[in-house]
1. If I model a spin label as a point 7 Å beyond the Cα along the Cα-Cβ vector, how far apart are those points for Asp49 and Lys2 in nm?
2. Rolling a 1.4 Å sphere over the protein heavy atoms, what is the accessible area per residue of the stretch 3-175, to the nearest Å²?
3. Non-local amide H neighbours of Leu149 (under 5 Å, H modeled in plane, Pro and chain starts lacking H): which ones?
4. Residues with beta-carbon under 9 Å from that of Trp92, excluding Trp92: net charge, scoring Lys, Arg +1 and Asp, Glu -1?
5. Stretch Glu42-Leu143 to full length: gain in nm at 0.36 nm per residue minus the Cα-Cα span?
6. What number, rounded to the nearest 500 deg cm²/dmol, is the helix-based mean residue ellipticity at 222 nm of the chain, given -39500 (n - 2.57) per DSSP H run of at least four residues and division by all its residues?
7. Computed FRET efficiency, Cβ-Cβ of Asn67 and Phe155, R0 35 Å: what is it to the nearest 0.05?
8. Only Lys, Arg, Asp and Glu count, each charged at its Cβ (+1, +1, -1, -1), so figure out the dipole size of the chain about its Cα centre, rounded to 20 debye.
Amino acid sequence: MKKILLINGSIRKESFNQEILNYVSEKALEKGYTVDQVDYSEVPFFSQDIEFPTPNSVEKVRAKFENSDIVWIATPEYNGSVPGAFKNLLDWVSRPVVQGTFGAPEFVKGKTTVISGAAGRSQAALVLEELNGLLTRMGLNVLEERVGLALGEAFTTGKFILSYEQKEQINKVIEKL
């Protein structure tokens, strides 16, 4: 049974991108996958000064990452880029787990990864492009299929409700898995 790890690029409690992950979770469970989501709100800012021994909050995140077959990311676009807290998480995940070694850990290399996001008119295109390059350099296997969605009136209503068309876009990527 394949395990999907969900990661929200936003740590905001009412993140619009959580709606994407909730839908992915629902559909993945229907297909027999197991699903988990990482909470990285306690992960400290990366610094080589605290890299070893690795903070417990980082160990927990790495363990979830290591025990997954697929990673599905849904992220907002902050100034056309990756949110800072999320970038920090990726920096921690990509660092060696044994002092004195170099390069990304083996559990990162080749991990199948889906990138998605909801933003304004850009449909998260800028962050998805940047994230594709970053994750590829980390050694992840990023699928070509991406899910970029426009938030529409979510900015004024405070609620992001996936349309039928947006759900279908997500469904197509789930089928690829």
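1. Those two pseudo-labels are separated by 4.3 nm.
2. Working: 8970 Å² over 173 residues.
Ligands and nucleic acids excluded, the figure is 52 Å² per residue.
3. Gly117, Ala118, Ala119
4. Details: positive: Arg62, Arg95; negative: Glu51, Asp91.
Charge balance near Trp92 sits at 0.
5. Details: separation 101, 0.36 × 101 = 36.36 nm, distance 2.87 nm.
Taking 0.36 nm per residue and subtracting the Cα distance, the gain is 33.5 nm.
6. On the way: 6 runs with 67 residues, N = 177.
Result for the chain, helices only: -11500 deg cm²/dmol.
7. Numbers: r = 36 Å, r/R0 = 1.03.
Rounded to the nearest 0.05, the efficiency is 0.45.
8. Working: 20 positive and 23 negative charges, 36 e Å.
I would put it at about 180 debye.
The values are calculated or read from the model by the stated rules, or taken from the named source; none is laboratory data. Everything numeric in this text was worked out from a predicted model, so none of it was measured. Note that each Cβ is placed from the backbone with ideal geometry, even for glycine, and that neighbours are counted across all protein chains shown. Please note that ligands, DNA and RNA were not included when accessible areas were found on the heavy atoms of the full protein model with its side chains. Shrake-Rupley method; radii C 1.70, N 1.55, O 1.52, S 1.80 Å.
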